[in-house]
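Rule-based calculations on the coordinates, nothing more; no lab input. Note that the structure is a prediction, hence the values are computed from the model and not measured. Here the Cβ is made from the backbone with ideal geometry for all residues, glycine too, and neighbour counts use every protein chain on show.
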Amino acid sequence: MRIAVVQPKVDRSGGAERYALALVTGLAARGHEVHVFARRAEGLPEGVRFHRIPSVPFGRALKTYSFWRLTARRVRPHHYDVVHGSGKTTCQTVHRAGGGVHRAYLERTAEAGRSTGYDRVVLGIEQRLFSSPHLRAVICPSRWVAREVERFHPEVGSKIEVIPNGVDTERFRPEGREGDRRGVGESLGIPPQGPLLLFVGTNFRLKGLESALGALARLPGAHLVVVGGDDPGPFREHARSLGCLDRVHFVGARDDTPRWYRAADVLVHPTGYDPFANVCLEALASGTPVVTTPANGAADVLEGAPPAGRIVPPRPDELAAAVAELLEGRDGARREARALAEGHSWEAHLARLERCYERTRTVES
């Protein structure tokens, strides 16, 4: 197929950007003719055609508005079998609502009453997108996001398709667990016999680190490693007040996350909002079971698979009980976690996208 991918940036700078790069790379490897429309693109594979969109480089609202206007003029949906977009544009025939809808975000964060220039721009673009005659499919990573899209934009209800995110099962693997556990333990002073819990996130408050610390305080002998670039100061103080600061290890943002997943016994992700937390799939692929909350779209993956994880409210006592259960059956949980992730590999994700593309293509072969 002839496929256009529209995304402001295609590189490794953030989650949406990395997804777009992996998508482009995967589609090109599967023999499709891929065109990228972006302000900036780095690391594109050979053969992918880059069309630079020279939008305004400053001001969040202006950048968003200008990118939308220019892509609306430059990208002609009838020139491609599929135009895949996941950002704030209206030219796509297939839209991936990876972060839900902006109105829901404002409502959830108690900011619905505010009216910044950026919010007005985004809300206007979304309204045009979901009423666009070009739009043929809306891909949601979870049932939760699908319900959210349909609640605010019922006109696209028949176009919604749930396709969970995929994970690189080659990069995230369980092999080497013992060596990584030993290395991490020695570097941080964690006893080899003590349970090692892992928290991964860049927004500690939103992703529920305070609740994770509360759970840790209820698990004597366990240690918690925190991976992420947020300010640890307030959370150190909270851990001190709980009497567990000596069992918390802040290691900052890391590029070698597979090592940390493998070293852990359980990933604790008590998020307050996550359309689909990729960290959960990455942990599962590494053979590490997961405890998360119903406010995480990735909970879809864990439903009906109790050996691999638990879905509980973000209350410290319930988190601690769920972690303790997984620790008791950790060997079986590790096997089940890996098996579950293999059903959500990146290749499986691409295959599901291709089937959606085939059903919605705009150019007849």
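Along its three principal directions, the equivalent ellipsoid of the range 190-235 from the Cα gyration tensor extends over semi-axes of 20, 12, 8 Å, largest first. Computed over the range 131-202, the range of Cα coordinates on each principal axis works out to 59, 24, 18 Å, biggest value leading. With each label modelled as a point 7 angstrom along the Cα→C-beta vector, the Asp246-Thr202 pair spans 3.5 nm. Plainly put, the range 177-342 has a radius of gyration that is 0.92 times its Kirkwood radius, both from alpha-carbon atoms, as the Rg/Rh ratio. A quarter of the convex hull surface defined by the alpha-carbon atoms of the range 1-102 gives 6.0 nm² as the mean projection. Based on Cα atoms of the range 152-268, Rg over Rh with Rh as the Kirkwood radius reads 1.09. Taking Cβ atoms as reference points and 11 Å as the exclusive limit, the residues near Pro54 contribute a net charge of +4, counting Lys and Arg as +1 and Asp and Glu as -1. Over the chain, DSSP H runs of length four or greater, each weighted -39,500 (n - 2.57), average out per residue to a 222 nm ellipticity of -12500 deg cm²/dmol. What percent does the relative contact order of the chain come to when contacts are Cα pairs within less than 8 Å and at least six residues apart? Worked out over the chain, it gives 15 percent.
The smallest convex shape that holds all Cα atoms of the chain, its convex hull, gives 140 Å³ per residue. Taking every alpha-carbon pair under 8 Å whose residues sit at least 6 apart, the range 177-342 reaches a relative contact order of 23 percent.
Taken about its Cα centre, the range 177-342 carries a charge dipole of about 260 debye when Lys and Arg each add +1 at the Cβ and Asp and Glu each add -1 at the Cβ. Taking 0.36 nm per residue of separation and subtracting the Cα-Cα distance, full extension of the segment from Leu188 to Ala321 would add 45.4 nm. Gyration tensor analysis over the Cα atoms of the range 60-178 returns equivalent ellipsoid semi-axes of 27, 20, 16 Å (largest first, whole Å). For Ala299, the shell of other residues with beta-carbons less than 12 Å away shows a net charge of -1, using +1 for Lys and Arg and -1 for Asp and Glu. If you wrap the Cα atoms of the range 284-349 in a convex hull and average its projected area over all directions, you get 4.2 nm². The range 219-254 and the range 26-48 have Cα centres spaced 40 Å apart.
Projecting the Cα positions of Ser241, Tyr19, Ala339 onto the charge dipole of the chain (unit charges on Cβ atoms of Lys, Arg, Asp and Glu, taken about the Cα centre) puts Tyr19 furthest along the positive direction. Here is what passes the span test in the chain: the DSSP H helices with alpha carbon length of 15 Å or more along the helix axis and a Kyte-Doolittle mean of -0.5 or above are 15-29, 117-130, 316-328. In the range 39-85, Rg over Rh equals 1.00, where Rg is the alpha-carbon radius of gyration and Rh the Kirkwood radius from pairwise Cα distances. For the chain, leaving out every one of the GluC sites (Glu not before Pro) that falls in a DSSP loop and has at most 13 other Cβ atoms within 10 Å, the longest unbroken run is 176-302.
From least to most packed, judged by other beta carbons within 10 angstrom and beginning with the fewest, Thr292, Thr169 follow the order Thr169, Thr292.
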